[in-house]
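The values are calculated or read from the model by the stated rules, or taken from the named source; none is laboratory data. Note that the structure is a prediction, hence the values are computed from the model and not measured. Neighbour counts run over all protein chains shown; Cβ positions are idealised from the backbone, glycine included.
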Amino acid sequence: MALSGATYFRSGDDSYRPNLKTWAERMSPVIGEIEKDVVRSMPGHPAYKSAIGLGALRRVLYSYAWRNPSIGYAQSMNIIASVLLLHLKEEDAFWLLATVCEQLLPDYYSKTLLGVQVDQRVFAHLVSISLPLVAAHFQDIDLDQATITIPWFLCLYQSAFPASVSTRVLDCFFYEGPRFLFMLGLAILKSCQGQLLKCTNDEGIVWTMQAFFKRFQEVSPTSEDDGGGNNNNNGNDNDATACADEDKAE
Amino acid sequence: MSTSFNYDYIIKYIIIGDTGVGKSCLLLQFTDKRFQPAHDLTIGVEFGARFVTVDGKQIKLQIWDTAGQESFRSITRSYYRGAAGALLVYDITRRDTFNHLTTWLEDARQHANANTTIMLIGNKNDLENKRAVTEAEGKEFAERHGLYFMETSAKTSENVEQAFVKTASDIYNKIQSGVFDVHNEAHGIKIGPMHSGGGSSLPIGAANGGGACCQ
């Protein structure tokens, strides 16, 4: 909450509960969309198999749609909210979601997803500078890189990595700010570069990336500590950090 | 898994339609022959692949499954290009998903190849008691717009196989008659290593996609 700036953003605003009450009396097409997605946000997690977890997720999303009708609800906010709720109280999760959508990544979740689309162009440019072989290869096989990377950016990598890694990604994101999304993206592509260059079509790229994220499932440690500093949990992580540092230097 | 598999053609599909109509479930039923009621939400685009046999030819279907929410339209539009087949899906229990078909079709007509085969699918026909769109309405819409039509159930798997295979055989006929140029990638078809190597002994759906294909 502190790193992301959410604590200051909220600063004594206690509108969450009263807003929810008002909201309960209103109807909107957004409700239907949220309702459909609440049950498919993190269907495998025990917290979202119970009415308590689903209720909290529903309230956070309703409440956000009510707070900011210009965004309302965009798919992928449900993924972020469902992760935040595992770590924070409901009201705090709401404020952190608001901080992400309005302060950290403005326009990412707007009706046209303009912000994330602009950032995909920026990211593609970064890839062409840092990993020219990969960029050229994507072009050769006629793959729009955004196919792979839009979900990474929109969901803050939360649906890509397993929980133990994705929580650390969140920490780094709140610490570094939006640029961390770019750093991590470059690091991931760099660590897959060898395999990616061997792929002869877009399908191969998709499977390669899936296999990459799956590897973390196998090696991810069971420890839940995320309060700490920089102790890297595994080699891949080290690799990613090192690569990200290089990219910063560019 | 690797591409030691031989096939004559690769055909690209795209699945479109409103959010929650069962696009991902149809894909999963087709590629993995299973139904997962609590399915993860599709953000952006997902991918699946499977082999089918049409007229003795091994055909690999590469299927792009898109997010249905309105905000994602501008992103998913780029996938129409280069798709030889499109499955346009609505939910027979939700009238609004049927009413939105016109805008989906406009999108497809505008961004896809003019020869793209479009199959209209009324999904969830296992939920007869909740039906909000009759089969005749679906059929009428399809006829009016020159689409193929089927009602399916990703849950019971009814017609799922048929929908994909019927589309494939129509595209195959278009290849044979020269409507699709297999040397033009924008037509969504590529020639496989087996092409002109005669028929295949593999039965329909003998192999599922899902492995790395680039080794």
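Below, the figures for the structure above:
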{"read-out": "Which listed residue, of B:154, B:132, is part of a loop (DSSP other than H, G, I, E, B) and closer than 21 Å to residue B:47 by Cβ", "value": "B:154"}
{"read-out": "Any hit, the stretch A:60-72, residues being out of contact with any Phe, Trp or Tyr (no Cβ under 7 Å at 6 or more places or on another chain), on the phi > 0 side of the Ramachandran plot and within 14 Å of chain B (Cβ to nearest Cβ)", "value": "yes"}
{"read-out": "Residues being in a loop (DSSP other than H, G, I, E, B), at pLDDT below 95 and not polar (S, T, N, Q) - total across the stretch B:99-114", "value": "2"}
{"read-out": "Selected residue (criterion: farthest from the other protein chains (Cβ to nearest Cβ)) from residues of the stretch A:138-164 that are more than 19 Å from residue A:204 (Cα to Cα) and part of a helix (DSSP H, G or I)", "value": "A:164"}
{"read-out": "The lone exception for residue A:108 - which of (1) within 11 Å of chain B (Cβ to nearest Cβ); (2) in contact (Cβ under 8 Å) with a residue 12 or more places away in the chain; (3) over 27 Å from residue A:53 (Cα atoms) it fails", "value": "(3)"}
{"read-out": "Failed criterion for residue B:49 (all others in (1) farther than 22 Å from residue B:179 by Cα; (2) hydrophobic (A, V, I, L, M, F, W, C); (3) within 13 Å of chain A (Cβ to nearest Cβ); (4) not in a strand (DSSP E or B) hold)", "value": "(4)"}
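Residue-by-condition table, conditions (1) among the polar types (S, T, N, Q); (2) surrounded by fewer than 23 Cβ atoms within 10 Å (Cβ to Cβ); (3) over 22 Å from residue A:155 (Cα atoms):
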| site | (1), (2), (3) |
| --- | --- |
| B:12 | no, no, yes |
| B:26 | no, no, yes |
| B:31 | yes, yes, yes |
| B:41 | no, no, no |
| B:51 | no, yes, yes |
| B:56 | no, yes, yes |
| B:59 | no, no, yes |
| B:64 | no, no, no |
